[in-house]
Every structure is written in structure tokens, then in C-alpha cells.
Amino acid sequence: MYKNALRLGVMILSLFLTMQSVAAANPVNCSVKSKNQWLWNAYLQPTPNWPERAEHAKEDLQPLPAAKSSLENPKAKLGKKLFHDPNLSADGSVSCASCHKASQHRGDERTVSEGVGRAKGRRNAPMLMNVDLWQSFFWDGRAATLQEQALGPLTDPVEMAHTPEKVVSYLKQNEDYASLWQQAYSDAPKTWSNVADALTIYQQTFRSPANPLDKFIKAVESGDKKAAKEQLNTQQLHGLHLYRTKAGCINCHNGALLSDNKFHNTGLHYFGRRFEDLGRYEVTGNVDDMGRFRTPSLRHVMETKPWMHNGLFTQMEGIIRMYEHGGARPKRPKSLAPEKAYPVTSNLLTPFELSDEEREALMEFLEVL
Ligand code: HEC
Ligand code: HEC
């Protein structure tokens with residue numbers, strides 16, 4: 001009698017505990033499951049049907065177009081040799097590839113690059129993958145074409161410190177270039193403009209291979225849901241969703257390059273301080289451009305440290321937290337005369353909140369790029 005009552009008691013108790021734990025686990029499981037289901041349903045559609053993106057993004061994310069040029073092209077072959085030739089610098093010590101390294105997606109792991117005589121510039125060398133797709137060149141957009149751009153590093157005293165005339169006379173004297181030149185330009189004279197052209201055509205071969213996001217987009221566009229599912233995991237998909245919506249990254253980092261090709265102030269101008277760099281303003285003289293830099297591409301971003309125009313950021317979590325606060329918002333110095341302009345952080349940057357899990361998801365998505 002006593003034993004049976006005890007057994008019944010234990011049964012009731014364990015039944016009660018089981019019900020409790022089911023009740024505790026289920027609502028969470030259920031909502032995570034249905035949220036994930038919702039995400040997959042939403043994104044396994046062609047891109048125009050994806051959930052509405054942050055309001056200022058003119059374009060959605062896109063795969064890259066095919067490369068304009070290949071190494072089969074004799075002009076690209078010539079450009080490749082020029083790109084790697086340190087004799088294009090004043091003291092024969094620095095080539096384009098010294099700062100744009102193949103191992104760094106044609107960028108530089110140093111905060112700022114070092115040129116002839118180990119002279120330091122003030123900006124971080126951007127990676128050059130897909131470089132032909134930019135509408136303007138440099139962090140401040142001061143060159144309009146790649147041909148024009150090449151003159152910059154060549155003559156910059158802290159980069160190659162050389163002149164077009166000296167490069168041309170070096171090429172004329174150097175037998176190594178004779179047959180490459182012949183194949184590329186036949187009997188056309190060796191001129192700086194042809195050198196810049198060959199460097200441009202070589203740089204047009206720098207195309208990133210398709211990443212899982214490109215493959216995902218191509219698969220959903222062609223209706224192949226199974227192939228799409230193989231490209232991203234649920235966490236990365238969640239990151240993509242945050243990137244396009246709440247976190248607002250897509251407002252500026254959009255299109256195939258993951259850049260809008262425009263100039264924005266994220267608040268990193270260091271106005272009046274040691275690292276001051278007013279970016280686009282130094283080119284246009286327009287006070288609205290103070291502290292604006294061209295939105296960088298985020299392709300390969302997890303492998304192109306250090307980040308930002310000055311290479312001062314090495315922690316991705318720090319960058320995301322900066323955006324969570326609505327960008328950097330340095331205070332206008334009190335000593336600054338009221339009529340003097342002070343850089344204004346972009347009003348596209350508004351604060352938002354991410355849970356730890358969401359921040360992780362966003363970083364996992366950046367890994368995909
Ligand atoms: C001493 C290091 C150094 C050398 C040498 C160098 N670069 Fe650069 N490169 C940089 C830095 C730093 C920047 C960014 C400068 C800026 O934005 O003001 C840059 C920017 C560029 C850009 C613009 C990329 C973009 O996203 O707009 C191109 C293209 C480029 N370099 C190609 C070349 C070529 C071609 C050569 C050789 C003729 C060369 N570089 C030599 C450091 C270097
Ligand atoms: C208002 C436009 C804008 C928005 C929105 C924006 N960015 Fe940026 N981003 C920029 C600009 C401009 C820079 C370069 C700033 C500089 O160097 O001073 C940059 C730089 C970066 C860099 C450094 C890249 C490199 O190669 O140096 C990363 C990483 C980055 N952004 C990620 C994000 C993420 C993640 C989000 C969303 C949370 C985001 N951005 C939202 C404009 C924007």
C-alpha cells in the first residue's frame with residue numbers, strides 16, 4: 001500500500017517534471033525553428049522578392065561580372081611584368097606589388113605602406129581585386145580612370161618617387177622588355193601612356209572567384225533551391241538578413257563590389273588630431289565632403305586587415321559596435337571658431353541594437369564574402 005503510493009507519487013512527480021521541461025523548451029525551439037523557416041522561405045526567392053532592404057540602398061547585392069581581361073592578353077602579360085618590377089621606382093627598391101601583394105588580395109597587411117627609403121604614407125593600401133569596377137580611384141576618388149591612377153604611385157615621393165620619362169628610358173634600354181612589348185604593342189613607341197595602359201589591362205584580370213553569396217544569388221535566380229541551400233548555413237543567412245535590414249550595411253555596401261561608389265563620413269577623420277585626414281574634401285574643397293571616404297568593397301574583408309583608410313582598425317567586432325552606435329561621433333572642439341566647418345557624420349548611420357547572437361551572425365556573414 002505504502003510502496004504503491006510512493007510509486008504513484010514518483011510517477012506523478014516525473015510526469016510533472018517532464019511536462020515542465022517540455023513547456024520550457026518548446027516555445028523557444030518552436031520560435032527559433034519557425035524564424036529560421038521564415039528566413040529560408042524569404043531568401044530562397046529571386047532577389048527582387050527578398051525582404052525589403054534598408055531604405056537608402058539603391059541596389060541590392062549582386063554577383064560579379066566576368067573579368068574584362070585575362071593573362072592570355074599580351075598587354076596583360078606586359079602589365080604583369082611592369083607591376084612586379086622594382087626598377088619602376090627611384091632607387092629600384094619598390095614595385096607596385098610591394099604594397100599590393102598577391103597574398104593580401106593585392107592589398108597590404110601593414111597599417112600604412114612603405115615606399116622608397118621606407119617612407120610611410122598616411123593611408124592603407126586598398127586591395128585591388130575587382131579594381132576595374134570602381135567609378136573613381138583612391139580612398140578620396142581623386143583619379144577618374146586606372147590609367148590616370150597609375151601616375152599617382154609612380155610619382156608620389158613616399159611611394160615610387162619616379163618619373164614617367166625615366167620609366168620610358170629604362171624600358172627602352174632593357175632587352176627583357178623587347179619581345180613582351182612587341183607582342184603587346186607591335187611597333188608602337190614606348191610611352192608612359194602605353195605603360196599605364198598595360199598596367200590597367202593587367203589589373204583588369206584581378207577578379208575575385210565567385211564566393212558562396214554569389215553562388216547563392218545565382219542559384220536562387222535560377223530557381224535551384226537545393227543548390228542555394230548548400231551555399232550558406234542558417235547563421236550566415238541570418239547575417240545576410242541583418243546586413244540588408246536592421247544593421248543597414250547595405251545602405252552603402254551594396255552592388256557587386258559591396259560599395260555604392262560614393263563618399264561617406266563614418267566619423268574617422270581625426271579632425272585637429274595627429275591622424276587627421278579629411279578625405280574627399282581635400283580633393284573637392286567642398287565642406288560637405290569633410291571626412292568623407294569612398295565606401296570600400298567588402299569582398300575578402302576578413303582577409304584584408306587592417307581596416308579603414310588609415311588601417312587603424314584590427315577588430316571586426318569593434319567596427320560593428322561602432323556602427324551600432326551610429327558611427328563615430330567625435331565632438332566638435334570647443335576652441336573651434338563657430339564660423340569654421342566641422343565634419344558631420346553621415347545621417348545614414350543611425351544607432352541600432354544587436355544581440356550577441358546577431359552580432360555573431362553578421363560576422364559569420366562577412367566571412368562568406
Ligand atoms: C608604397 C606603397 C604603394 C605602391 C608602391 C603602389 N601603391 Fe597603389 N596604393 C597604395 C596606397 C596607400 C593606396 C591608397 C592611397 C589613397 O587612397 O590615397 C593605393 C591605391 C591604389 C589604387 C586605387 C585602388 C582603389 O580602390 O581605388 C590602385 C589602382 C593602385 N594603388 C595601383 C597601383 C599601381 C598600378 C602601382 C604601381 C605603378 C601602385 N599602386 C604602387 C600604396 C602603393
Ligand atoms: C553611410 C555608409 C555606410 C554604412 C551604412 C556602412 N558603412 Fe562600412 N564603411 C563606409 C565607409 C565610408 C567606410 C570607410 C571609412 C574610412 O575608412 O574612414 C567603411 C568601412 C567599412 C569597413 C572597413 C573595410 C576596409 O577594407 O577597410 C568595414 C569592415 C565595414 N565598413 C563594414 C560595415 C558593416 C558591417 C556595416 C553595417 C553594420 C557598414 N559597414 C555600414 C560606409 C558605410
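Surrounded by fewer than 23 Cβ atoms within 10 Å (Cβ to Cβ), part of a loop (DSSP other than H, G, I, E, B) and out of contact with any Pro (no Cβ under 7 Å at 6 or more places or on another chain), is that true of His238?
Criteria not met by His238.
Regarding region 109-120, can at least one residue be identified that is of a type in the set (D, E, K, R), touching a His at 6+ places or on another chain (Cβ under 8 Å), within 8 Å of ligand 1 (Cβ to nearest atom) and not in a helix (DSSP H, G or I)? Outline the logic, then answer.
Start the filter on region 109-120 by keeping residues that are of a type in the set (D, E, K, R), which leaves 109-110, 114, 118, 120.
Still in the list and also touching a His at 6+ places or on another chain (Cβ under 8 Å): none.
Checked region 109-120: no residue is of a type in the set (D, E, K, R), touching a His at 6+ places or on another chain (Cβ under 8 Å), within 8 Å of ligand 1 (Cβ to nearest atom) and not in a helix (DSSP H, G or I).
Any idea how many residues of region 167-191 are of a type outside the set (A, V, I, L, M) and either in a helix (DSSP H, G or I) or not assigned by TED's automatic domain parsing to the domain that holds Thr155 (or both)?
Of the residues in region 167-191, the ones of a type outside the set (A, V, I, L, M) are 169-170, 172-177, 179, 181-183, 185-187, 189-191.
Narrowing the set further to residues that are either in a helix (DSSP H, G or I) or not assigned by TED's automatic domain parsing to the domain that holds Thr155 (or both) leaves 169-170, 172-173, 175-177, 179, 181-183, 185.
Residues in region 167-191 being of a type outside the set (A, V, I, L, M) and either in a helix (DSSP H, G or I) or not assigned by TED's automatic domain parsing to the domain that holds Thr155 (or both): 12 in total.
How many of the residues making up region 62-104 are touching a Pro at 6+ places or on another chain (Cβ under 8 Å), of a type outside the set (S, T, N, Q) and not in a helix (DSSP H, G or I)?
Residues flagged as touching a Pro at 6+ places or on another chain (Cβ under 8 Å), of a type outside the set (S, T, N, Q) and not in a helix (DSSP H, G or I) within region 62-104 amount to 2.
Yes or no: Gly255 touching a residue at least 40 places away in the same chain (Cβ under 8 Å), in the same structural domain as Pro351 (by TED's automatic domain parsing), of a type outside the set (Phe, Trp, Tyr) and within 10 Å of ligand 2 (Cβ to nearest atom)?
For Gly255, the condition - touching a residue at least 40 places away in the same chain (Cβ under 8 Å), in the same structural domain as Pro351 (by TED's automatic domain parsing), of a type outside the set (Phe, Trp, Tyr) and within 10 Å of ligand 2 (Cβ to nearest atom) - is not met.
When you look at Gln135, is it at pLDDT 95 or above, in a helix (DSSP H, G or I) and of a type in the set (S, T, N, Q), yes or no? Even if it seems obvious, please write down each step before you answer.
On the way: at pLDDT 95 or above: yes; in a helix (DSSP H, G or I): no; of a type in the set (S, T, N, Q): yes.
Considered against the rule, which asks whether it is at pLDDT 95 or above, in a helix (DSSP H, G or I) and of a type in the set (S, T, N, Q), Gln135 comes out as no.
Given the residues Arg321, Arg299, which is the only one that is modelled with pLDDT of 95 or more, part of a helix (DSSP H, G or I) and either out of contact with any Asp or Glu (no Cβ under 6 Å at 6 or more places or on another chain) or surrounded by fewer than 12 Cβ atoms within 10 Å (Cβ to Cβ) (or both)? Spell out how you get there, then give the answer.
Details: Arg299 fails: part of a helix (DSSP H, G or I).
Criteria check complete, one pass: Arg321.
Would it be correct to say that His253 is outside any loop (DSSP other than H, G, I, E, B) and either at pLDDT 95 or above or not polar (S, T, N, Q) (or both)? Before you say what the answer is, go through the steps one by one.
Working: outside any loop (DSSP other than H, G, I, E, B): no; either at pLDDT 95 or above or not polar (S, T, N, Q) (or both): yes.
Judged against the criteria, His253 is not a match.
Which residue pairs have Cβ atoms closer than 8 Å, lie 6 or more positions apart in sequence or on different chains, and pair a first residue in region 332-356 that is in the same structural domain as Ile250 (by TED's automatic domain parsing) and part of a loop (DSSP other than H, G, I, E, B) with a second residue that is at pLDDT below 95 and of a type in the set (Gly, Ala, Ser)?
Pro333/Gly272; Leu336/Gly272
Under the condition of being within 8 Å of ligand 1 (Cβ to nearest atom) and out of contact with any Ser or Thr (no Cβ under 8 Å at 6 or more places or on another chain), which residue from region 142-168 is farthest from Ser69 (Cα to Cα)? Outline the logic, then answer.
First pass over region 142-168, keeping only residues within 8 Å of ligand 1 (Cβ to nearest atom): 142-143, 146, 149-150, 152-154, 156, 158-160.
Those still in the list that are out of contact with any Ser or Thr (no Cβ under 8 Å at 6 or more places or on another chain) too: 149, 152-153, 156, 158.
Numbers: Gln149: 18, Gly152: 23, Pro153: 23, Asp156: 28, Val158: 30 Å.
Here the answer is Val158.
Sort through Glu109, Glu114 and tell me the only one that's away from ligand 2 (no atom under 15 Å from the Cβ), farther than 20 Å from Gln173 by Cβ and surrounded by fewer than 21 Cβ atoms within 10 Å (Cβ to Cβ).
Values: Glu109 fails: away from ligand 2 (no atom under 15 Å from the Cβ).
Just a single option satisfies the conditions, and that option is Glu114.
Mind listing whichever residues of region 304-323 are free of Cβ contacts under 8 Å to residues at least 60 places away in the same chain and either closer than 21 Å to Arg273 by Cβ or among the charged types (D, E, K, R) (or both)?
Phe313, Thr314, Gln315, Glu317, Gly318, Ile319, Arg321, Met322
Of the conditions (1) closer than 20 Å to Val168 by Cα; (2) of a type in the set (A, V, I, L, M); (3) surrounded by 19 or more Cβ atoms within 10 Å (Cβ to Cβ), Ala97 satisfies every one except a single condition; which number is it?
It fails just one condition, (3).
Would you confirm, using the coordinates I've provided, whether His100 is within 12 Å of ligand 2 (Cβ to nearest atom) and in contact with an Asp or Glu (Cβ under 8 Å, 6 or more places away or on another chain)? Break it down into steps so the answer makes sense when it comes.
Numbers: within 12 Å of ligand 2 (Cβ to nearest atom): no; in contact with an Asp or Glu (Cβ under 8 Å, 6 or more places away or on another chain): yes.
Answer is no for this residue.
The values are calculated or read from the model by the stated rules, or taken from the named source; none is laboratory data. Note that this is a predicted model, so its numbers are computed, not measured. Positions of Cβ are backbone-derived with ideal geometry, glycine not excepted, and every protein chain shown enters the neighbour counts.
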